[in-house]
Amino acid sequence: MAYEAPVARPVNPRFSSGPCAKIPGFSLDMLADAPLGRSHRAAVGKAKLKEAIETTREILGVPADYRIGIVPASDTGAVEMALWSLLGARPVTMCAWESFGSGWVTDVVKQLKIDADVKKAEYGDIVDFTDVDFNTDVVFTWNGTTSGVRVANGNDIPAERQGLTICDATSAAFAMDLPWDKLDVVTFSWQKVLGGEGGHGVLILSPRAVERLETYTPKWPMPKIFRMTKGGKLIDGIFVGETINTPSMLCVEDYLVALKWAKTIGGLKGLIGRAEANAQVVWDFVAAKPWIENLANNPANASTTSVCLKFNDARIKDGAAFAKAVAKRLEKEGVALDVGAYRDAPAGLRIWCGSTVEKADLEALMPWIEYAFEAEIAAQA
Ligand SMILES: Cc1ncc(COP(=O)(O)O)c(C=O)c1O
(Lines give C-alpha, C1' and ligand atoms only; values in the text may rest on other atoms or scores of the structure.)
Protein backbone atom coordinates (compact mmCIF):
# COMPACT_ATOMS: atom_id res chain seq x y z
CA MET A 1 0.00 0.00 0.00
CA ALA A 2 1.31 3.46 -0.88
CA TYR A 3 2.42 5.59 2.08
CA GLU A 4 -0.22 8.27 2.62
CA ALA A 5 0.70 11.96 2.45
CA PRO A 6 0.67 13.48 5.95
CA VAL A 7 -2.11 15.90 6.76
CA ALA A 8 -0.21 18.53 8.76
CA ARG A 9 2.21 20.82 6.97
CA PRO A 10 4.91 23.15 8.27
CA VAL A 11 3.50 26.67 8.50
CA ASN A 12 6.83 27.95 7.21
CA PRO A 13 8.56 25.57 4.78
CA ARG A 14 11.81 27.58 4.73
CA PHE A 15 14.61 25.29 5.88
CA SER A 16 17.38 26.74 3.71
CA SER A 17 20.88 26.89 5.18
CA GLY A 18 21.36 30.44 4.00
CA PRO A 19 19.82 32.83 3.63
CA CYS A 20 17.89 31.23 6.46
CA ALA A 21 14.30 31.69 7.62
CA LYS A 22 13.48 35.19 8.82
CA ILE A 23 12.53 35.66 12.48
CA PRO A 24 9.09 34.34 13.45
CA GLY A 25 6.39 36.83 12.51
CA PHE A 26 8.68 38.81 10.22
CA SER A 27 7.17 41.40 7.92
CA LEU A 28 8.74 44.13 5.82
CA ASP A 29 6.82 46.70 7.89
CA MET A 30 9.26 45.96 10.70
CA LEU A 31 11.95 47.76 8.71
CA ALA A 32 10.10 51.08 8.62
CA ASP A 33 12.67 52.77 10.86
CA ALA A 34 15.51 52.23 8.34
CA PRO A 35 17.09 55.61 7.54
CA LEU A 36 16.78 55.16 3.79
CA GLY A 37 17.96 57.81 1.37
CA ARG A 38 20.32 59.21 3.99
CA SER A 39 24.09 58.99 4.24
CA HIS A 40 25.31 56.10 6.34
CA ARG A 41 27.73 58.66 7.77
CA ALA A 42 24.91 60.92 8.96
CA ALA A 43 24.34 60.76 12.72
CA VAL A 44 21.28 58.53 12.32
CA GLY A 45 23.14 56.03 10.11
CA LYS A 46 26.19 55.92 12.34
CA ALA A 47 23.99 55.42 15.38
CA LYS A 48 22.28 52.42 13.75
CA LEU A 49 25.62 50.85 12.82
CA LYS A 50 26.96 51.43 16.33
CA GLU A 51 23.83 49.92 17.84
CA ALA A 52 24.28 46.86 15.63
CA ILE A 53 27.84 46.45 16.89
CA GLU A 54 26.96 47.01 20.54
CA THR A 55 23.97 44.69 20.49
CA THR A 56 26.05 42.01 18.76
CA ARG A 57 28.56 42.32 21.61
CA GLU A 58 25.84 42.14 24.24
CA ILE A 59 24.06 39.09 22.84
CA LEU A 60 27.14 37.10 21.87
CA GLY A 61 28.98 38.00 25.08
CA VAL A 62 32.00 39.30 23.15
CA PRO A 63 34.66 40.53 25.62
CA ALA A 64 34.94 44.31 25.97
CA ASP A 65 38.51 44.33 24.63
CA TYR A 66 37.59 42.53 21.38
CA ARG A 67 36.78 44.69 18.34
CA ILE A 68 33.67 44.16 16.23
CA GLY A 69 33.47 45.51 12.69
CA ILE A 70 30.82 45.44 9.97
CA VAL A 71 32.63 44.73 6.71
CA PRO A 72 31.82 44.23 3.02
CA ALA A 73 31.05 40.99 1.17
CA SER A 74 29.24 38.92 3.76
CA ASP A 75 31.05 36.20 5.69
CA THR A 76 33.41 35.56 2.78
CA GLY A 77 34.51 39.19 2.90
CA ALA A 78 35.18 39.01 6.63
CA VAL A 79 37.15 35.75 6.36
CA GLU A 80 39.24 36.94 3.42
CA MET A 81 39.96 40.28 5.09
CA ALA A 82 41.35 38.32 8.02
CA LEU A 83 43.36 35.86 5.91
CA TRP A 84 44.89 38.55 3.72
CA SER A 85 45.63 40.90 6.63
CA LEU A 86 46.94 38.50 9.26
CA LEU A 87 48.58 35.51 7.61
CA GLY A 88 52.19 35.25 6.55
CA ALA A 89 53.74 36.33 9.83
CA ARG A 90 54.20 32.78 11.15
CA PRO A 91 53.50 29.18 10.04
CA VAL A 92 49.88 28.41 9.18
CA THR A 93 47.66 25.36 9.73
CA MET A 94 44.50 25.09 7.65
CA CYS A 95 41.76 22.77 8.94
CA ALA A 96 38.88 21.77 6.69
CA TRP A 97 36.08 19.23 6.89
CA GLU A 98 33.72 20.47 4.20
CA SER A 99 33.36 22.77 1.24
CA PHE A 100 33.75 26.24 2.78
CA GLY A 101 36.76 25.28 4.87
CA SER A 102 38.28 23.78 1.72
CA GLY A 103 37.68 27.12 0.02
CA TRP A 104 39.80 28.85 2.65
CA VAL A 105 42.55 26.29 2.04
CA THR A 106 42.52 27.21 -1.65
CA ASP A 107 42.74 30.91 -0.77
CA VAL A 108 45.73 30.45 1.48
CA VAL A 109 47.66 27.83 -0.46
CA LYS A 110 46.92 28.82 -4.06
CA GLN A 111 46.31 32.57 -3.84
CA LEU A 112 48.46 33.69 -0.92
CA LYS A 113 50.92 30.88 -1.75
CA ILE A 114 51.55 30.04 1.89
CA ASP A 115 53.05 26.62 2.49
CA ALA A 116 50.44 25.75 5.11
CA ASP A 117 50.04 22.49 7.00
CA VAL A 118 46.68 21.37 5.59
CA LYS A 119 44.58 19.07 7.75
CA LYS A 120 41.45 17.73 6.11
CA ALA A 121 38.74 15.38 7.27
CA GLU A 122 36.19 13.67 5.05
CA TYR A 123 32.56 14.81 5.07
CA GLY A 124 31.04 13.52 8.30
CA ASP A 125 34.29 13.68 10.26
CA ILE A 126 36.31 16.49 11.81
CA VAL A 127 39.98 17.35 12.21
CA ASP A 128 41.33 16.28 15.60
CA PHE A 129 42.47 19.49 17.32
CA THR A 130 44.84 17.54 19.58
CA ASP A 131 46.90 17.02 16.38
CA VAL A 132 47.02 20.74 15.61
CA ASP A 133 49.91 22.99 16.63
CA PHE A 134 48.28 26.12 18.01
CA ASN A 135 51.60 27.93 18.00
CA THR A 136 50.92 28.25 14.27
CA ASP A 137 48.09 30.42 12.99
CA VAL A 138 45.13 28.08 12.67
CA VAL A 139 42.20 28.65 10.29
CA PHE A 140 39.02 26.60 10.68
CA THR A 141 35.24 26.66 10.38
CA TRP A 142 33.31 26.23 13.63
CA ASN A 143 30.29 24.66 11.98
CA GLY A 144 30.70 23.04 8.59
CA THR A 145 27.50 24.16 6.94
CA THR A 146 27.80 21.65 4.11
CA SER A 147 28.66 18.62 6.25
CA GLY A 148 26.71 19.30 9.43
CA VAL A 149 29.82 18.72 11.50
CA ARG A 150 30.92 21.22 14.15
CA VAL A 151 33.62 21.76 16.72
CA ALA A 152 32.17 20.38 19.96
CA ASN A 153 33.86 22.95 22.20
CA GLY A 154 37.12 24.84 22.53
CA ASN A 155 38.71 22.45 25.04
CA ASP A 156 41.50 21.34 22.72
CA ILE A 157 42.52 24.90 21.83
CA PRO A 158 45.11 26.07 24.37
CA ALA A 159 44.33 29.39 26.04
CA GLU A 160 48.08 30.04 26.01
CA ARG A 161 49.06 29.87 22.35
CA GLN A 162 51.43 31.78 20.15
CA GLY A 163 49.42 31.53 16.96
CA LEU A 164 46.12 33.17 16.13
CA THR A 165 42.92 31.14 15.77
CA ILE A 166 40.88 32.38 12.81
CA CYS A 167 37.37 30.94 12.92
CA ASP A 168 34.65 31.13 10.29
CA ALA A 169 31.65 30.87 12.59
CA THR A 170 28.96 31.94 10.16
CA SER A 171 26.59 29.04 10.75
CA ALA A 172 27.47 28.83 14.46
CA ALA A 173 27.31 32.39 15.79
CA PHE A 174 24.12 32.97 17.80
CA ALA A 175 23.28 29.24 17.88
CA MET A 176 26.35 27.77 19.55
CA ASP A 177 28.61 28.77 22.42
CA LEU A 178 31.81 30.32 21.13
CA PRO A 179 34.72 30.28 23.63
CA TRP A 180 36.06 33.79 23.14
CA ASP A 181 39.31 33.18 25.00
CA LYS A 182 40.15 30.49 22.44
CA LEU A 183 39.27 32.57 19.38
CA ASP A 184 41.24 35.50 17.95
CA VAL A 185 39.20 36.11 14.82
CA VAL A 186 35.52 35.23 14.46
CA THR A 187 33.47 35.95 11.36
CA PHE A 188 29.85 35.56 10.40
CA SER A 189 27.13 36.91 8.16
CA TRP A 190 23.68 38.10 9.20
CA GLN A 191 22.01 35.74 6.74
CA LYS A 192 22.41 32.61 8.89
CA VAL A 193 21.23 32.04 12.45
CA LEU A 194 19.41 35.37 12.79
CA GLY A 195 17.73 35.08 9.39
CA GLY A 196 19.20 38.41 8.29
CA GLU A 197 20.40 39.46 4.89
CA GLY A 198 23.59 38.61 2.99
CA GLY A 199 26.03 41.26 1.82
CA HIS A 200 27.58 42.30 5.11
CA GLY A 201 30.08 40.43 7.21
CA VAL A 202 30.96 40.76 10.86
CA LEU A 203 34.61 40.54 11.82
CA ILE A 204 35.54 40.16 15.48
CA LEU A 205 39.18 40.60 16.55
CA SER A 206 40.93 39.73 19.82
CA PRO A 207 43.57 42.07 21.23
CA ARG A 208 46.23 39.67 19.90
CA ALA A 209 44.76 39.86 16.41
CA VAL A 210 44.84 43.66 16.62
CA GLU A 211 48.43 43.50 17.80
CA ARG A 212 49.30 41.40 14.74
CA LEU A 213 47.60 43.93 12.47
CA GLU A 214 49.59 46.76 14.02
CA THR A 215 52.96 45.03 13.95
CA TYR A 216 52.92 43.05 10.71
CA THR A 217 52.54 44.16 7.09
CA PRO A 218 51.87 41.40 4.56
CA LYS A 219 54.05 41.34 1.49
CA TRP A 220 51.10 41.21 -0.91
CA PRO A 221 49.00 44.17 -2.07
CA MET A 222 45.91 44.95 0.00
CA PRO A 223 42.77 46.32 -1.67
CA LYS A 224 40.95 49.14 0.08
CA ILE A 225 38.10 46.90 1.27
CA PHE A 226 40.60 44.67 3.14
CA ARG A 227 42.60 47.47 4.77
CA MET A 228 42.14 47.71 8.54
CA THR A 229 45.21 49.77 9.41
CA LYS A 230 46.63 53.11 8.44
CA GLY A 231 50.21 54.05 9.23
CA GLY A 232 50.60 50.93 11.36
CA LYS A 233 47.56 51.74 13.55
CA LEU A 234 44.18 50.08 13.55
CA ILE A 235 41.51 52.20 11.87
CA ASP A 236 39.29 52.48 14.94
CA GLY A 237 36.34 53.89 13.04
CA ILE A 238 35.65 50.55 11.32
CA PHE A 239 34.91 49.09 14.75
CA VAL A 240 32.43 51.72 15.86
CA GLY A 241 30.32 51.76 12.71
CA GLU A 242 32.30 53.91 10.30
CA THR A 243 32.26 51.24 7.63
CA ILE A 244 34.94 51.04 4.94
CA ASN A 245 32.38 51.56 2.19
CA THR A 246 28.63 51.97 1.93
CA PRO A 247 26.47 49.41 3.75
CA SER A 248 22.79 48.79 3.10
CA MET A 249 20.90 50.56 5.85
CA LEU A 250 17.92 48.34 5.01
CA CYS A 251 20.00 45.27 5.87
CA VAL A 252 21.31 46.97 9.00
CA GLU A 253 17.74 47.68 10.12
CA ASP A 254 16.79 44.10 9.39
CA TYR A 255 19.71 42.90 11.53
CA LEU A 256 18.68 45.22 14.37
CA VAL A 257 15.15 43.85 14.22
CA ALA A 258 16.52 40.30 14.46
CA LEU A 259 18.79 41.24 17.37
CA LYS A 260 15.82 42.75 19.20
CA TRP A 261 13.83 39.56 18.63
CA ALA A 262 16.79 37.59 20.00
CA LYS A 263 16.62 39.59 23.20
CA THR A 264 12.93 38.81 23.63
CA ILE A 265 13.57 35.07 23.57
CA GLY A 266 16.31 35.16 26.20
CA GLY A 267 19.34 36.27 24.19
CA LEU A 268 22.09 33.80 23.41
CA LYS A 269 20.76 31.15 25.79
CA GLY A 270 17.35 31.32 24.14
CA LEU A 271 18.83 31.22 20.65
CA ILE A 272 21.02 28.21 21.45
CA GLY A 273 18.13 26.44 23.13
CA ARG A 274 15.91 26.86 20.10
CA ALA A 275 18.53 25.45 17.71
CA GLU A 276 19.24 22.50 20.01
CA ALA A 277 15.56 21.65 20.42
CA ASN A 278 15.09 21.94 16.65
CA ALA A 279 18.03 19.65 15.86
CA GLN A 280 16.75 17.16 18.42
CA VAL A 281 13.52 16.81 16.43
CA VAL A 282 15.51 15.71 13.39
CA TRP A 283 17.90 13.52 15.39
CA ASP A 284 14.97 11.71 17.06
CA PHE A 285 13.32 11.12 13.71
CA VAL A 286 16.52 9.79 12.15
CA ALA A 287 17.20 7.53 15.15
CA ALA A 288 13.81 5.89 14.62
CA LYS A 289 14.23 5.27 10.88
CA PRO A 290 16.71 2.70 9.58
CA TRP A 291 16.87 4.24 6.08
CA ILE A 292 18.28 7.66 6.97
CA GLU A 293 21.17 8.83 9.14
CA ASN A 294 23.11 11.87 10.19
CA LEU A 295 26.11 12.63 7.98
CA ALA A 296 28.03 13.53 11.16
CA ASN A 297 29.67 10.33 12.37
CA ASN A 298 30.14 11.41 15.96
CA PRO A 299 27.07 12.82 17.75
CA ALA A 300 29.39 15.08 19.80
CA ASN A 301 30.20 16.93 16.57
CA ALA A 302 26.72 16.91 15.05
CA SER A 303 25.59 20.37 14.02
CA THR A 304 22.55 21.90 15.65
CA THR A 305 22.04 24.31 12.76
CA SER A 306 22.83 22.73 9.38
CA VAL A 307 21.70 19.17 10.02
CA CYS A 308 22.92 17.02 7.12
CA LEU A 309 21.35 13.63 6.44
CA LYS A 310 22.12 10.74 4.11
CA PHE A 311 19.91 7.92 2.88
CA ASN A 312 21.20 4.39 3.39
CA ASP A 313 18.60 2.02 2.02
CA ALA A 314 19.85 -0.88 -0.07
CA ARG A 315 16.96 -0.40 -2.50
CA ILE A 316 18.28 3.00 -3.63
CA LYS A 317 19.80 2.64 -7.10
CA ASP A 318 21.37 6.05 -7.75
CA GLY A 319 22.08 7.86 -4.47
CA ALA A 320 22.51 11.34 -5.92
CA ALA A 321 19.43 11.17 -8.15
CA PHE A 322 17.37 9.71 -5.32
CA ALA A 323 18.28 12.42 -2.81
CA LYS A 324 17.60 15.11 -5.39
CA ALA A 325 14.22 13.61 -6.18
CA VAL A 326 13.26 13.54 -2.49
CA ALA A 327 14.24 17.21 -2.07
CA LYS A 328 12.35 18.11 -5.21
CA ARG A 329 9.25 16.30 -4.05
CA LEU A 330 9.35 18.08 -0.68
CA GLU A 331 9.66 21.39 -2.49
CA LYS A 332 6.83 20.57 -4.89
CA GLU A 333 4.60 19.68 -1.97
CA GLY A 334 5.48 23.07 -0.50
CA VAL A 335 6.65 21.52 2.77
CA ALA A 336 10.42 22.12 2.58
CA LEU A 337 12.31 24.56 0.38
CA ASP A 338 16.02 24.31 -0.42
CA VAL A 339 16.78 21.15 1.55
CA GLY A 340 18.96 19.33 -0.99
CA ALA A 341 22.55 18.71 0.13
CA TYR A 342 25.09 21.35 -0.91
CA ARG A 343 26.41 20.86 -4.44
CA ASP A 344 29.88 19.65 -3.32
CA ALA A 345 28.64 17.56 -0.38
CA PRO A 346 27.58 13.88 -0.32
CA ALA A 347 24.06 13.28 -1.62
CA GLY A 348 21.32 13.75 0.95
CA LEU A 349 19.23 16.38 2.68
CA ARG A 350 20.30 19.42 4.67
CA ILE A 351 17.74 20.83 7.03
CA TRP A 352 18.43 24.14 8.72
CA CYS A 353 17.54 24.00 12.40
CA GLY A 354 18.86 27.42 13.39
CA SER A 355 17.13 29.62 15.90
CA THR A 356 14.64 31.32 13.59
CA VAL A 357 13.09 27.99 12.61
CA GLU A 358 10.04 26.93 14.61
CA LYS A 359 10.20 23.50 16.25
CA ALA A 360 6.60 22.79 15.29
CA ASP A 361 7.53 23.25 11.63
CA LEU A 362 10.27 20.64 11.92
CA GLU A 363 7.88 18.29 13.69
CA ALA A 364 5.44 18.73 10.83
CA LEU A 365 8.18 18.20 8.25
CA MET A 366 9.48 14.84 9.54
CA PRO A 367 6.52 12.69 8.34
CA TRP A 368 6.82 14.39 4.95
CA ILE A 369 10.41 13.20 4.67
CA GLU A 370 9.21 9.66 5.24
CA TYR A 371 6.43 10.18 2.73
CA ALA A 372 8.82 11.56 0.10
CA PHE A 373 11.30 8.74 0.76
CA GLU A 374 8.64 6.05 0.35
CA ALA A 375 7.25 7.75 -2.75
CA GLU A 376 10.67 7.83 -4.39
CA ILE A 377 11.39 4.21 -3.49
CA ALA A 378 8.08 3.32 -5.15
CA ALA A 379 8.86 5.56 -8.14
CA GLN A 380 12.16 3.73 -8.68
CA ALA A 381 10.35 0.41 -8.92
C1 LIG B 1 30.88 27.94 6.67
C2 LIG B 1 30.58 28.99 5.65
N3 LIG B 1 31.53 29.87 5.31
C4 LIG B 1 31.29 30.83 4.41
C5 LIG B 1 30.08 30.94 3.78
C6 LIG B 1 29.87 32.03 2.77
O7 LIG B 1 29.05 32.97 3.35
P8 LIG B 1 28.61 34.30 2.59
O9 LIG B 1 27.92 33.86 1.35
O10 LIG B 1 27.75 34.96 3.59
O11 LIG B 1 29.86 35.05 2.29
C12 LIG B 1 29.06 30.06 4.10
C13 LIG B 1 27.74 30.16 3.43
O14 LIG B 1 26.92 29.29 3.50
C15 LIG B 1 29.32 29.06 5.05
O16 LIG B 1 28.37 28.19 5.38
Legend entry - Selected residue (criterion: farthest from G69 (Cα to Cα)) from residues of the stretch 139-184 that are more than 16 Å from the ligand (Cβ to nearest atom) and surrounded by 24 or more Cβ atoms within 10 Å (Cβ to Cβ): L164
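Taking the options N135, N143, N153, name whichever one is within 15 Å of T304 (Cβ to Cβ) and free of Cβ contacts under 8 Å to residues at least 60 places away in the same chain.
Numbers: N135 fails: within 15 Å of T304 (Cβ to Cβ); N143 fails: free of Cβ contacts under 8 Å to residues at least 60 places away in the same chain.
So the residue among N135, N143, N153 that is within 15 Å of T304 (Cβ to Cβ) and free of Cβ contacts under 8 Å to residues at least 60 places away in the same chain is N153.
From the list E253, E276, E211, pick out the single residue that is in contact with a helix residue (DSSP H, G or I) (Cβ under 6 Å, 6 or more places away or on another chain) and not in a loop (DSSP other than H, G, I, E, B).
None of the other options fit; the residue is E253.
Among the residues of the stretch 185-208, what is the count of those that are in a loop (DSSP other than H, G, I, E, B), among the hydrophobic types (A, V, I, L, M, F, W, C) and within 15 Å of V79 (Cα to Cα)?
In the first step, residues of the stretch 185-208 are kept if they are in a loop (DSSP other than H, G, I, E, B); the result is 190-199, 206.
Of the ones still in play, those that are also among the hydrophobic types (A, V, I, L, M, F, W, C) are 190, 193-194.
Filter again for within 15 Å of V79 (Cα to Cα), leaving 190.
So the answer is 1.
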Legend entry - Residue ID - farthest from I244 (Cα to Cα), chosen from residues in the stretch 52-76 that are within 15 Å of the ligand (Cβ to nearest atom) and surrounded by fewer than 21 Cβ atoms within 10 Å (Cβ to Cβ): T76
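A quick yes/no check of all residues on (1) buried (at least 16 other Cβ atoms within 10 Å of the Cβ); (2) under 27 Å from G25 (Cα atoms):
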{"position": "V282", "(1), (2)": "yes, yes"}
{"position": "S306", "(1), (2)": "yes, yes"}
{"position": "G319", "(1), (2)": "no, no"}
{"position": "A323", "(1), (2)": "yes, no"}
{"position": "A327", "(1), (2)": "yes, yes"}
{"position": "T356", "(1), (2)": "yes, yes"}
Inset, instruction - Give the stretch 214-250 a look and list any residue that's in a loop (DSSP other than H, G, I, E, B) and of a type in the set (V, I, T), or say none. - result: T217, I235, T243, I244, T246
Legend entry - Considering residues of the stretch 104-128 that are farther than 16 Å from W220 by Cβ and small (G, A, S) only, the residue surrounded by the most Cβ atoms within 10 Å (Cβ to Cβ): G124
Legend entry - Which listed residue is in contact (Cβ under 8 Å) with a residue 12 or more places away in the chain, farther than 22 Å from T141 by Cα and either part of a strand (DSSP E or B) or of a type in the set (F, W, Y) (or both), from E370, E293: E293
Legend entry - Flag for L49 being farther than 30 Å from G334 by Cβ, surrounded by 19 or more Cβ atoms within 10 Å (Cβ to Cβ) and either in contact (Cβ under 8 Å) with a residue 24 or more places away in the chain or within 16 Å of the ligand (Cβ to nearest atom) (or both): yes
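If you scan the stretch 85-103, which residues turn out to be under 21 Å from Q162 (Cβ atoms) and either surrounded by fewer than 23 Cβ atoms within 10 Å (Cβ to Cβ) or β-branched (V, I, T) (or both)? Lay out the reasoning, then the answer.
Initially, the stretch 85-103 is screened for residues under 21 Å from Q162 (Cβ atoms), giving 85-95.
Hits for the stretch 85-103 are S85, G88, A89, R90, P91, V92, T93.
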Inset, instruction - Restrict the check to the stretch 231-238 and report whether at least one residue is among the hydrophobic types (A, V, I, L, M, F, W, C) and either in the same structural domain as P367 (by TED's automatic domain parsing) or closer than 16 Å to E58 by Cβ (or both). - result: no
Inset, instruction - Find all pairs meeting these conditions: Cβ atoms under 6 angstrom apart; at least six residues apart or on different chains; first residue within the stretch 110-129 and free of Cβ contacts under 8 Å to residues at least 40 places away in the same chain; second residue surrounded by fewer than 18 Cβ atoms within 10 Å (Cβ to Cβ) and of a type in the set (D, E). - result: F129/D156
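The values are calculated or read from the model by the stated rules, or taken from the named source; none is laboratory data. If you're wondering where the values come from, they're calculated on a predicted model, not measured in any experiment. Note: ideal-geometry Cβ built from the backbone for every residue, glycine included; neighbour counts use all protein chains shown.
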